[in-house]
1. Helix-only mean residue ellipticity at 222 nm, the chain, DSSP H runs n ≥ 4 weighted -39,500 (n - 2.57), per residue, nearest 500. What is it?
2. So what is the accessible area of the chain per residue, in Å², with the probe set to 1.4 Å?
3. Calculate what fraction, in whole %, of the accessible area of the chain sits on carbon and sulfur atoms when a 1.4 Å probe is rolled over the protein chains.
4. Relative to a virtual label point 7 Å from the Cα of residue 8 in the Cα→beta-carbon direction, which members of the stretch 20-42 show backbone nitrogen distances below 16 Å?
5. Taking the alpha-carbon distance from residue 37 and a cut-off under 16 Å, which lysines remain once sequence neighbours fewer than 8 residues away in the same chain are dropped?
6. Suppose accessible area is computed on protein heavy atoms with a 1.4 Å probe; arrange 8, 26 from highest to lowest.
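The values are calculated or read from the model by the stated rules, or taken from the named source; none is laboratory data. Since the model is a prediction, treat every value here as computed from it, not as a measurement. Note: ideal-geometry Cβ built from the backbone for every residue, glycine included; neighbour counts use all protein chains shown. Protein only, heavy atoms only, side chains kept; ligands, DNA and RNA dropped before computing areas. Shrake-Rupley method; radii C 1.70, N 1.55, O 1.52, S 1.80 Å.
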Amino acid sequence: MGVPKRRTSKARKNRRRAMIKVSGPTIVFCPRCHEPKMAHRVCLECGYYRDQKVIEK
Ligand SMILES: [Zn+2]
């Protein structure tokens, strides 16, 4: 198994982690009701995900 040869420095670790929250959540438009929704999440407007009703309204 691969083992790190050197300990990751605090600066390098912090630089890497600084990029994680820079980009916000991906917004896509629901193919059913065309409302903006989060990618890979159930649409909160119509309650559908992948042509299946997930949330009963
Ligand atoms: Zn929808």
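1. -4500 deg cm²/dmol
2. 103
3. After summing per-atom areas, the C and S share lands at 53 percent.
4. Output list for this probe position: 20-22.
5. Candidates past the 8-residue exclusion: 53.
6. Ranked list, largest accessible area first: 26, 8.
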